[in-house]
Structures are given as structure tokens and as C-alpha cells.
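S.K.: Got a structure for you, written out below as C-alpha cells; questions coming shortly.
Nothing in this text is a laboratory measurement; each read-out follows from the coordinates by a stated rule. On a predicted model such as this, the values are computed, not experimentally measured, just so you know. Positions of Cβ are generated from backbone atoms using ideal geometry, with glycine treated the same way; all protein chains shown enter the neighbour counts.
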Amino acid sequence: MFDTIIRQANLPDGRKAHDIGLKDGRIAAIEKSLPAQAGTVIDATGRLVSPAFCDPHFHMDATLSLGLPRMNVSGTLLEGIALWGELRPLLTKEALIERALRYCDLAVSQGLLHIRSHVDTSDPRLVTAEALLEVRDLVKDYIDLQLVAFPQDGYLRAPEGVKSLERALDMGVEIVGGIPHFERTMEDGRRSLEALCRIAAERGLMVDIHCDETDDPMSRHVETLAAETIRHGLQGRVNGSHLTSMHSMDNYYVSKLIPLMAEAQMNATPNPLINIMLQGRHDTYPKRRGLTRVRELMAAGINVSFGQDCTMDPWYSMGSADMLEVAHMAIHVAQMGSLEEKARIFEAITVNSARTMGLQGYGLAVGCQADLVILQAVDVTEALRLKATRLVVLRRGRVISRTEPRVAALQLPGRPAQIDHGLDFVPPALRG
Ligand code: FE2
């Protein structure tokens, strides 16, 4: 009856020991026990099964380019942008595709099957867009890849920024990007958002803006983005990425801003790894963290998802396509360590991110696509704590990656020989 049954899995909503039946690439049943047979049976006893991870903010054209043509010495965002400007004329379509595919290998092994990548449109050659459009098609049986036309050097500031962005959209890039805080003036930033939201409304596209990625509390483009979202009827289709200036803003102003964002039904996507690395660079001590107000945005009902942003590129020398690593950092920087808060953080790298990306058929329910990951963890809390091993990754019901579990059991006199609890450990007080 089923193609595959995953036996006795724990689910992110807390349900324990359920069978998941997969048929024709979709979830066909979730029951305490499925008596039916299947071609493939996967034992997930005591393991968490989650919908595959989503990364709603990445730069696949820059990934794995670390050291080209040189390293970022200061470690700042601005040197990263300058360094990328040095590398850009040297980029070839072939090299871009090769690096992107290598990254996709890594992503699949980490259970990351849905990625939104920005594509720099500053170089009128648009070799970046050509390459990633090809990659989007090449990897479609493994990864849903969305592309954002992103004017890294400024929509109005770059010599051909306006034309290049429109050409990228004409080529098939499907989301409108922007970077208002990098335009020459605040006024240019505002004008760029007006134009970009108008383009999205006219073309029926989503919007994803690098918005206020600065420690300057007066960088208030998110206010304009929310207002333009409402003016153009783009509610639910706009994502504000980074939003780091909100960390430094006056509390009174934020008390007006967050309800405005909620009214616009904006999504918010902080990038905890890169934000904690890049923000506060102009501070001495105390040094600001720079992550936007995650807890307050969530409390206002705003859909908060987390992005990875960078992996081994001019801005960030670390990264491993691991959304649990992203969430792990978020827990610390946002100081959200309670069981309830960790559950919300896990949603930010799964269902919330899927909502930001507008994914259809995502989730762990009957009828959803069978894009799943089996983790070496008993529950969400342990998955986050351990950045748990992704034991099995399935795409449309097909196993596309397997990793051996990490197991350690010291052989000691008087200790039972069959201790095989892996590395996950639920304290007795928390056992349900
Ligand atoms: Fe970014």
C-alpha cells in the first residue's frame, strides 16, 4: 500500500512513536501503527522526524569562494562588499556552477532541501543569474531553489543597477531584492524601495530586501518597506532580511514599528551567524550583538524565519549548510533557551521559513510532500542542542542521503555492554 514506511518516529509537535506512510512522493498516513506493508521500511524508533530544513536567505553565487581573490582582513560587511567587487569581474559561469553544486551536495547531506538564494545583479554580464538559473534546474529533483534579483552595489547606486535587475527578472529570477541602506542616501534608499515594490506588484512577484543591515539606529528603511507593502497590496509576500538596526533603535520608536510590520504581514529573516559576526564592529565596549528583536517580533505575531546567509565567502569564513547551527546561534544571541522558546526557534528553520518562501505542500501532515529528515535526536530540544546528525534525508519519499549515527559507549568493568544511547540524552525530569 505504501512505497515507504518510517516506523515509530517522534514528531516535532511532540507526538511520540508514530508510523509515517509515504506514497507517490507524499505523506499518505501518520498513525500510531500502520499495519500495511511497504517496499522500504525505515526504523526511526526514538528518533525525531522533521520536515526538511529551509534556508530563506543565502548567497549561492558567493558560496565557497573564500580566499578569492584574497581574505577579508577587517572582517567587516563593507570590506566583504569591496572584496566581492574585486572577485566579480573574475567570475565565470562554469566556476559558479561548480561551487554551487558542491554546496548543494553539502546541503542535501544536512537535510536542507529548500533554499532561497540572492543573485547579485550588479554586473551587467549577469553571469551569476545565468549560472544559478542553470543550477536551479539541475538540482530540482533534490532542492527547491528560489532566486532573488539582488543589486548588491545598490539598485540606484550601481551604474546599471536598474536595468540589470529588470533583465534578471526577465531571465527567470523570480523574486525582487534590494539593499536600501547601501544606496548613497537615505532618500535614495526610500526611492529604491518604492521602485522595487512597484516592480513586484506589477509582475506579481515576492519581495526580499536586505533591510537595515547596519548598527545605525536611524537606518529605518523597514518602516518604508512596510508602508510600501501595504500601499501595493503585497501583504504576506514581503520579507525583511537582517533588520539589524532594530537592535539599536529607540524602544519607543520600535513600539510603533513592530505593529506596522505586523499590519503589513511582513516576514522577518534574521541571519544569526553572520549578524553576530558582522554587527557591532564599530563598537568598543560594551559591544552590541546586532541581532534584530526576535522575541518581540515573534510575540507580535510576525513570521520570523532564520537564514544562513553565507558559507565560506567574502563575508563569513565559517558555515556548513547546517540550519541547526543557525538555530543554535539564535538561541544564544536572542537568549531564548526555555523549552517553549526552543520549539519556536525550531519552527523558524522549518515551517516559518517555508511560509516566508511561500512553499506549497510543506510540512509533516497527510498530503504534504515527503521531504523529510530523520535526526539522531529524540526531540526538537535535543536536535538543537546536538546539531544532531542527519541519519536519513528523503526527497519526495526517496532516500537521497544517509549518515551513520554518532555512537559512544565506554566499555567499563561492571557497566552493561549494550549501552547504545548515542549522544542524545533526555534528563529524567524532562521525560514525558
Ligand atoms: Fe544576505
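S.K.: Rounded to the nearest 500 deg cm²/dmol, what is the calculated helix-only ellipticity per residue at 222 nm for the chain, with -39500 (n - 2.57) per DSSP H run of length n ≥ 4?
M.R.: -10000 deg cm²/dmol
S.K.: Once the piece of chain linking K287 and E160 is laid out straight, how much longer is it, given 0.36 nm per residue of separation minus the C-alpha distance between them?
M.R.: Here the answer is 42.0 nm.
S.K.: For the ranges 241-250, 362-371, what's the packing order if you count other beta-carbon atoms within 10 Å of each residue, average per peptide, and put the highest first?
M.R.: 241-250, 362-371
S.K.: Relative contact order for the chain using alpha-carbon pairs under 8 Å, separation at least 6, rounded to a whole percent?
M.R.: Relative contact order comes out at 18 percent.
S.K.: Just E325, E174, E86 to compare: in a GNM of the chain, with alpha carbon springs under 10 Å, which one fluctuates most?
M.R.: E86
S.K.: Computed from the mean reciprocal separation of all distinct C-alpha pairs, what Kirkwood hydrodynamic radius does segment 218-281 have, in Å?
M.R.: Every distinct Cα pair counted, the radius reaches 12.3 Å.
S.K.: Out of every Cα-Cα pair in the chain, what percent are more than 34 Å apart?
M.R.: Cα-Cα pairs of the chain separated by over 34 Å account for 32 percent.
S.K.: Based on the Cα gyration tensor of segment 279-432, what are the three equivalent ellipsoid semi-axes, each the root of five times an eigenvalue, rounded to whole Å and given largest first?
M.R.: Output for segment 279-432: semi-axes of 30, 23, 17 Å.
S.K.: By how many nm would the segment from Q37 to R231 grow when fully extended, if each residue of separation counts as 0.36 nm and the alpha-carbon distance is taken off?
M.R.: 64.4 nm
S.K.: Students often forget the sequence filter, so: which lysines lie under 16 Å Cα-Cα from K342 once same-chain residues fewer than 8 apart are removed?
M.R.: Hits, sequence-local ones excluded: K387.
S.K.: Taking segment 161-234, which trypsin sites (Lys or Arg not before Pro) meet the DSSP loop condition and have no more than 13 other C-beta atoms within 10 Å?
M.R.: Passing both the DSSP loop test and the Cβ count: R184.
S.K.: Also, quick follow-up: Assigning unit charges at the beta carbon (Lys, Arg +1; Asp, Glu -1) and nothing else, what dipole magnitude in debye, to the nearest 20, does the chain show about its Cα centre?
M.R.: Charge dipole, the chain, about its Cα centre: 940 debye, nearest 20.
S.K.: Just subtract the alpha-carbon distance of R15 and E187 from 0.36 nm times their residue separation and send over the number in nm, one decimal.
M.R.: Working it through step by step, the gained length comes to 56.8 nm.
S.K.: Karplus couplings for segment 61-72 from phi (6.51 cos²θ - 1.76 cosθ + 1.60, θ = phi - 60°), rounded to Hz, Gly and Pro as x?
M.R.: 6, 9, 5, 6, 9, 3, x, 9, x, 7, 8, 7
S.K.: Sticking with this one: Loop-only trypsin sites (Lys or Arg not before Pro) in segment 11-116, please: DSSP not H, G, I, E or B, and at most 10 other Cβ atoms within 10 Å.
M.R.: Hits after loop and neighbour filter: K32, R70.
S.K.: Further, regarding this structure: Would you mind getting me the FRET efficiency between A365 and R167? Use the beta-carbon distance for r and R0 = 35 Å, nearest 0.05.
M.R.: Efficiency, rounded to the nearest 0.05: 0.30.
S.K.: As an exercise, find the ratio Rg/Rh for segment 20-177 from alpha-carbon atoms, using the Kirkwood inverse-distance average for Rh.
M.R.: 1.11
S.K.: Quick one: what do you get for segment 142-299 if you divide its Cα Rg by 2.2 N^0.38 Å?
M.R.: 1.02
S.K.: Rounded to whole Hz and in sequence order, give me ³J(HN,Hα) for segment 169-178 from the Karplus expression 6.51 cos²θ - 1.76 cosθ + 1.60, θ = phi - 60°, writing x for Gly and Pro.
M.R.: In residue order, the calculated couplings are 5, 4, 6, x, 5, 9, 9, 9, x, x Hz.
S.K.: Could you order the peptides 152-160, 103-111 from most to least packed, using the average number of other C-beta atoms within 10 Å per residue?
M.R.: The packing order, highest mean first, is 103-111, 152-160.
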